[in-house]
Every structure is written in C-alpha cells, then in structure tokens.
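Read-outs: derived from the displayed coordinates by stated rules, not from any lab. Keep in mind that what you see is a predicted model, and the values were worked out from it rather than measured. FYI the Cβ positions are ideal-geometry reconstructions off the backbone, even for glycines, and counts take in every protein chain you see.
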Amino acid sequence: MVRSYIRRCVVPSLCVIAFAFATSAAAQEKGIGKACPETGDDAPQLALNVDSAPVLAGTHVKLVADGSSPRGAVEYMWRADNGRILGRGNSVEFDTTGLAPGRYDVVAMARATKCATARVVKTVEVVGCPPNLRLSANNVRVTAGELITISAEGVPAGFGLNWTASAGKVTQTANGISIDTADLAADAITISATSAAIPGCSSDLTVAIVRPPVALPDILNFPMTGGRLNNANKAVLDDVSIRGGQDVGSKIIVTGKSTSGERSGLARIRAENARNYLVGEKGVDPSRIEIRVQERTASESGIEIAIVPPGAKY
C-alpha cells in the first residue's frame, strides 16, 4: 500500500512524509512518542528483569525494565496479548489471572528523546493447579464443641484460596481457617479450598463430628396422699440429695402431681414442700432445682424427681 501511494505522489516531499508515517506505524500503535522507527543508532539500551521460574495462574509477575540513553530520560511502554499489564513506567506487574497453562510473551519498549526505540521480549510460563495441593486438619475426628484448624499444603506463599465449610462457624486465619463446632447438628463437616484464579483447582477434606453419649436422667417417684412430707418421703429426698451431690452440674426437676379427684393447687404444694426440704434440710443449691406441676391430670398422686446430668434433656 505504501509503494502504490508513492507512485501516485505528485509532490516528493509528501511522499517522504507518507513513507515515514507507514514505517513508524508499529511504534505509534505501541504508544511511544511520535512517528518513530523501532530501531536505530539512537535507540536506548534496554534490559528486562523477570523471574524465569514458572508461575501459577493468578500470580502477579513483577517485571522491571532498565533503560539508559545518553540522549536523556527513557520512556517505557508495555504490551501483552494475553493477561493484563498493571502499572506504568519501568516497573509493572503481569497479571496471569484466568490464563491457561502455557507460555506468554511480555513486550517492553523504550524510547529516549530521539525517535529510535528499543524492544525486549520476555516469556512468562504459566502452570496449572499445584499438583500437591491438599488440605490438612489438626484432627479429622473431633468431639462436638472442639475447634478445628485447617490449612492448605503444597501451595506457594500467597497462593489465593477461597474457603467454604458445610457447617460450623468459620474464621479466617493466616494459613487457612478455623471452625467452631459448638452446637452442631451435623455428623460431619466438608471443607473446600478453591483457587481464586485457576478454574477447577480445589481440594476437599471431611472432618467427622463425634458426640459423647448422653447420660439419661435418674428418675425417682413416691406417692403422697396429702401435701405434707412423711418420713418415707424424706428418705427418698435424702437419696436425691446424695445422688445430686455426685454431680453438682446436674439439675433437679421436681414435679408435683395430683389426680382429677384431688383439690386444685395440691400438686404445687407437694413440689414446693419437696424443694424446701432439699434446700433447707439438705443444703441443695436452689438454683439447681426446677419445679413442674401436673395439676389434676396425673394418673397417680405424688412427686416425681429427675436428676438430669449436663447435656441430657428431660
């Protein structure tokens, strides 16, 4: 196209301008200065420093250009057909996020006060998911309520991972996550770590949640014909105070019961008399005692006492 245009020129000086413009188009596209050729005697000296080791996709590779020219200050321009160039001047980063494994060229160009440019190409090799990526835990079988610590192994420092857990309270740590298993209903937790930059790059780990056997309440019953405690009733309550004293964390539930043929309020009187005896005569902490009432709905009259250990329900 340039030659045909020159043949049609009438004014020679215009032909020279057209030729200079065409031969310098590549330099203009790269954004350096005016219509300048890419090489020449006045081109600056240019070196490009970059770590030659392969990097994982998602890594920001730092590139530093070192240009010099006796003609004055050096200007820089960067280009990459894939990935992104972050920054400007002589020091930039090549963002490899989303790139498939392969080799990618990064071009650095420099120009001093004269038109001539220098050009250096460096190749960055991007590799895929770390082959040894795996998750590890302080324990893969824990009792409900314990704290689990999870970390990733086989990855370089700064490798970005997004963490998820199927249950539990997750807290980010310097090397991974921790999971609080308190009040969990699940029997297992699945933890996943997925690369923030490499599609399909992830690792999973399952931790089993073990629940200790729940102790059953110790239940005692005794009949009553009135509201007052007799010696037989007190003997049962003496036994309650002994059993309850073996685990001060246990709760004592006193249920007063009355049948449909008895007067209203009798069930509560029975329960309160039993509680007062345990507190006043046997020294049981009143905060451990709960009163319940089956008012005129029970099948038999009397008192039921349940000694409920911690963790048990009644």
Practice task
Give the calculated FRET efficiency between residue 196 and residue 263 to the nearest 0.05, with a Förster radius of 51 Å applied to their Cβ-Cβ distance.
Solution key: 0.10
Exercise for the section: Just check the range 218-308 against the gyration tensor rule for me: Cα atoms, a ≥ b ≥ c as the square roots of the eigenvalues, rounded for a/c under 1.5, and otherwise prolate or oblate depending on whether a/b exceeds b/c. Expected result: prolate
Handout entry: J(HN,Hα) series, the range 58-63, from Karplus relation 6.51 cos²θ - 1.76 cosθ + 1.60, nearest Hz, glycine and proline x
Key = x, 6, 9, 8, 8, 10
Practice task
Apply the Karplus parameterisation 6.51 cos²θ - 1.76 cosθ + 1.60, with θ equal to phi minus 60°, to every residue of the range 163-180 and state each ³J(HN,Hα) to the nearest whole Hz, in sequence, with x for glycine and proline.
Solution key: 9, 9, 9, 6, 7, x, 8, 9, 10, 6, 10, 5, 10, x, 9, 10, 10, 8
Practice task
Return the calculated 222 nm mean residue ellipticity for the chain, to the nearest 500 deg cm²/dmol, obtained by summing -39500 (n - 2.57) across DSSP H runs with n ≥ 4 and dividing by the residue count.
Solution key: -5000 deg cm²/dmol
Handout entry: C-alpha center-to-center spacing [the range 55-91, the range 190-236] in angstrom
Key = 61
Completion exercise
The answer for the net charge of residues other than residue 238 whose Cβ lies under 15 angstrom from its Cβ, with Lys and Arg +1 and Asp and Glu -1, is +1
Fill in the blank from the handout: By the C-alpha gyration tensor axes a ≥ b ≥ c (rounded if a/c is under 1.5, else prolate when a/b exceeds b/c, else oblate), the shape of the range 119-194 is prolate
Exercise for the section: Kindly state, to the nearest 0.05, the FRET efficiency for residue 216 paired with residue 242, given R0 = 22 Å and r defined as their beta-carbon distance. Expected result: 0.75
Completion exercise
Each label sits 7 Å from Cα toward the beta-carbon; between residue 175 and residue 86 the label points are separated, in nm, by 2.6
Fill in the blank from the handout: Membrane-span-like helices (DSSP H runs, Cα span along own axis at least 18 Å, mean Kyte-Doolittle at least 0.5) in the chain -> none
Practice task
Within the range 261-314, list the GluC sites (Glu not before Pro) lying in a DSSP loop whose Cβ has at most 13 other Cβ atoms in a 10 Å radius.
Solution key: 281, 300
Problem - Where Cα atoms sit under 15 Å apart: lysine pairs in the chain separated by 8 or more or lying on different chains - result: 4
Exercise for the section: Please arrange 119, 79, 228 by counting, for each residue, the other beta carbons lying within 10 Å of its beta carbon, fewest first. Expected result: 228, 79, 119
Fill in the blank from the handout: Dividing the mean separation of Cα pairs under 8 Å (6+ apart) by the residue count of the chain yields a relative contact order in percent of 12
Exercise for the section: Please give the FRET efficiency for residue 50 paired with residue 182, using the beta carbon to beta carbon distance and R0 = 41 Å, rounded to the nearest 0.05. Expected result: 0.25
Exercise for the section: First check a/c for the chain, with a ≥ b ≥ c the square roots of the eigenvalues of its C-alpha gyration tensor; if it is under 1.5, answer rounded, and if not, answer prolate when a/b is larger than b/c or oblate otherwise. Expected result: prolate
Handout entry: Net charge of neighbours whose Cβ lies under 11 Å from the Cβ of residue 180, counting Lys and Arg as +1 and Asp and Glu as -1
Key = -1
Practice task
Could you line up 216, 237 from fewest to most neighbouring Cβ atoms inside 10 Å?
Solution key: 216, 237
